[in-house]
Every structure is written in C-alpha cells, then in structure tokens.
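S.K.: My questions all concern the structure below.
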Amino acid sequence: REIRRVICAPPGHHMVAVDFGQLEARIIATLSRDPVLCKEIFEKYDIHGDWTDQLGMAFDRKQLKDKASRKHLRDYIKNMWTFPLFYGSVLESVASNLSSVFKKNISPMMLEPHYQAFWDKYRVVLDWQEKLEAFYWKRGYVETAFGFRRHEPMSKNEVINSPVQGTAGQLVMKAQANLSKAAYEEDKPQYQPVINMHDDLTFYLPEATVEEDIERVAKDMCFFNLDFLVVPLSVEVSIGPNWADQQEIGTFYSTDFGWKPPKS
C-alpha cells in the first residue's frame, strides 16, 4: 500500500478506480445459461457470502464471529471453494484447500455433502463443463464468447477456465478501447484509463466534472450491446487522492442504463 500511495492524482483531479463486480461469475452464468445462477445475479445474491456462512457454520464458527473475520473468510471461500468448483476442481482438491483455510483436516468424505449440494444447485453449470470438455476433445480447442480460440494441449481446468477468463478479459479490453476512443473523439482525456489491473480501470477525473464523468465511465464499462450477454454487468466505483487511499462510493449496473437481456 505504501508503494501504491506514491501514485497520486494530478492537482485538481481525483483518482477513480472502476472495478467490474463478480465479472467471472457473470460470464459463467452467460456461457452456461444456468437458470439458478442467472436468477441469483439478477437478484444481486452474494454467492461467496452464502457459502462462507454454510462452510463456516460446518467447520469453524469462530471465523464468523465478527464482520472483519467473516470478510477475511469470504475471500478464502471465493478463491478456494466457489471459483475452483466453477473451474473444474474435484472434491479432493477443494477438501485440501479448505483444510488449509480452516486449519484442520477436512476429508473428502466430510466435505462431500456440501460438494453435492453445490452441484445439485448449479447442475446446469456442471453440464456445461462436461459439454465443454467433450467439445475440446473433439475439436482440439475452446473459444471465448467473442470467438477467440485457445488450442490444445490444455488441462481440464484450462479448458473450463479459458473461455471464462478470456471472455472477461476481452470485455475489459473492449471497455478500455471504447473509453480511449471517446477520450480522443470528444477531447476529454480523463476518459483514457491510466491503469488497468485485472478487472479494474483507473482514471484521473477532474474535480469539476467528477460526478458526470463517473457516470459516463460506468456506462461504457457495463453497458454492451452483445447478444451473448444474458445477465447484467456491474462496476464498483472507488475514489481518493492516490492509488492506495480510496473509498468505495457506489455500484452501477447495466440495468441502470436501460440494458435488457436479449429475448430468447
């Protein structure tokens, strides 16, 4: 954080980070068309938080005792349970992950009811994973929603991961390109991102126009006329004087700008 604090907004500007929210989960819902996952995204349901509570109650209730420890546990559950399963991890692998999280031996047999409950709920995602593997073994490649292909050799996890993270990365690049074009054509250099970090674009926005600029950037980042998108995108906005000391001020959804899912 001390290193990030060195990167400051110019005089008369704010440093504004606009981060895609749950982008990979939204892409998984879009690619799999899982009705349960799609419904949860429309309802702004916290998938990671729900599994944090379920697994915490089962294996270590002390980690749910306060907001800070629960948030810390949620980060682990997100990265060692929810996304590993969505990316093809098997029961033995996530049992090993959670053993390190809860600092106790969690055997596959102990975890199996939760694992089964996860896939009973998201059965269509599991079906999509299996169809994706079959496609890969027949064709020798997988592709993103934009049509970009990755060819063999790939592991099972890479076969499932590549279309999701590839599509997510291309959405971020598309937003960046659109805003860069707007910066040039409209003579508003503040729309040119100064940093791209994972699913985040960061800007120097003038104090005088910061509110309207945030709304414009948010719209360009989460509103796309793309036929394959069946769930709304979202962006979380944080603002501050430098890259370290930023405060989250709100969330925008593509539905805020009139986006509607394509008719099936």
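The values are calculated or read from the model by the stated rules, or taken from the named source; none is laboratory data. Note that the structure is a prediction, hence the values are computed from the model and not measured. Using ideal geometry, Cβ is built from the backbone for each residue, glycine included, and neighbour counts are taken over all protein chains shown. The accessibility values were calculated without ligands, DNA or RNA, using every heavy atom of the protein model including side chains. Shrake-Rupley method; radii C 1.70, N 1.55, O 1.52, S 1.80 Å.
S.K.: Please work out which residue is nearest to the chain's Cα centre (by Cα), limiting yourself to the range 79-112 and to residues that are of a type in the set (S, T, N, Q) and open to solvent by 50 Å² or more (accessible area, probe 1.4 Å).
M.R.: Step one: filter the range 79-112 for residues of a type in the set (S, T, N, Q), giving 79, 82, 89, 93, 96-97, 99-100, 105, 107.
Add one more test, that the residue is open to solvent by 50 Å² or more (accessible area, probe 1.4 Å), and what stays is 79, 96, 100, 105.
Numbers: N79: 11, S96: 24, S100: 24, N105: 30 Å.
Out of the qualifying residues, it is N79.
S.K.: Does the range 211-235 hold any residues that are of a type in the set (A, V, I, L, M), closer than 12 Å to P261 by Cβ and in contact with a strand residue (DSSP E or B) (Cβ under 9 Å, 6 or more places away or on another chain), and which are they? Walk me through it before giving the result.
M.R.: The first filter runs over the range 211-235 and keeps only residues of a type in the set (A, V, I, L, M), leaving 214, 217-218, 221, 226, 229-231, 233, 235.
Of the ones still in play, those that are also closer than 12 Å to P261 by Cβ are 226, 229-231, 233.
L233 - this is the single residue of the range 211-235 that is of a type in the set (A, V, I, L, M), closer than 12 Å to P261 by Cβ and in contact with a strand residue (DSSP E or B) (Cβ under 9 Å, 6 or more places away or on another chain).
S.K.: Can you tell me how many residues in the range 48-106 are in a loop (DSSP other than H, G, I, E, B) and of a type in the set (S, T, Y)?
M.R.: 2
S.K.: Kindly list, by first and then second residue, each pair from a residue in the range 122-146 that is in a helix (DSSP H, G or I) and open to solvent by less than 70 Å² (accessible area, probe 1.4 Å) to a residue that is at pLDDT below 95 and small (G, A, S), limited to pairs with Cβ atoms under 8 Å and residues at least 6 apart or on different chains.
M.R.: Every condition considered, the pairs that remain are Q129/G88.
S.K.: Can you list residue pairs whose Cβ atoms sit under 8 Å apart, with the first residue in the range 194-220 being closer than 15 Å to G240 by Cα and the second being of a type in the set (D, E) and open to solvent by less than 30 Å² (accessible area, probe 1.4 Å)? Count only pairs 6 or more apart in sequence or on different chains.
M.R.: F203/D213; L205/D213; P206/D213
S.K.: Quick one: in the range 149-162, of everything that is part of a helix (DSSP H, G or I) and more than 14 Å from F83 (Cα to Cα), which residue is modelled with the highest pLDDT? Lay out the reasoning, then the answer.
M.R.: Let us first name the residues in the range 149-162 that are part of a helix (DSSP H, G or I), namely 156-162.
If we keep only those that are more than 14 Å from F83 (Cα to Cα) too, we end up with 156, 159.
Details: K156: 91, V159: 96.
Filtering first and then ranking leaves V159.
S.K.: Of all residues in the range 229-259 being within 17 Å of the chain's Cα centre (by Cα) and part of a loop (DSSP other than H, G, I, E, B), which is surrounded by the most Cβ atoms within 10 Å (Cβ to Cβ)?
M.R.: L233
S.K.: Restricting attention to the range 35-47, and to residues there that are open to solvent by 70 Å² or more (accessible area, probe 1.4 Å) and not in a helix (DSSP H, G or I), which single residue is modelled with the lowest pLDDT? Outline the logic, then answer.
M.R.: Let us first name the residues in the range 35-47 that are open to solvent by 70 Å² or more (accessible area, probe 1.4 Å), namely 35, 39, 42-44.
In the following step, the residues that additionally are not in a helix (DSSP H, G or I) were identified as 43-44.
Numbers: E43: 94, K44: 91.
Looking at residues that are open to solvent by 70 Å² or more (accessible area, probe 1.4 Å) and not in a helix (DSSP H, G or I), I get K44.
S.K.: Related question: Can you tell me which residues in the range 190-214 are surrounded by fewer than 13 Cβ atoms within 10 Å (Cβ to Cβ) and modelled with pLDDT of 95 or more?
M.R.: E207, A208, T209, E211, E212
S.K.: Would you mention how many residues in the range 68-97 are aliphatic (A, V, I, L, M) and farther than 14 Å from H48 by Cα?
M.R.: Pass one, the range 68-97, residues aliphatic (A, V, I, L, M): 68, 73, 77, 80, 85, 90-91, 94-95.
When the remaining residues are screened for being farther than 14 Å from H48 by Cα, the result is 68, 90-91, 94-95.
The number of residues fulfilling the criteria is 5.
S.K.: Quickly run through the range 189-217 and pick out the residues that are among the β-branched types (V, I, T) and outside any helix (DSSP H, G or I).
M.R.: Filtering the range 189-217 for residues among the β-branched types (V, I, T) gives 194-195, 202, 209-210, 214, 217.
Within the range 189-217, V194, I195, T202 meet the criteria.
S.K.: Something else now. With the requirement that a residue be closer than 23 Å to V90 by Cα and either part of a loop (DSSP other than H, G, I, E, B) or touching a residue at least 40 places away in the same chain (Cβ under 8 Å) (or both), what does the range 163-188 give you?
M.R.: Restricting attention to the range 163-188, the residues satisfying the condition of being closer than 23 Å to V90 by Cα are 163-166.
Once the filter is applied, which keeps residues that are closer than 23 Å to V90 by Cα and either part of a loop (DSSP other than H, G, I, E, B) or touching a residue at least 40 places away in the same chain (Cβ under 8 Å) (or both), the range 163-188 yields P163, V164, Q165.
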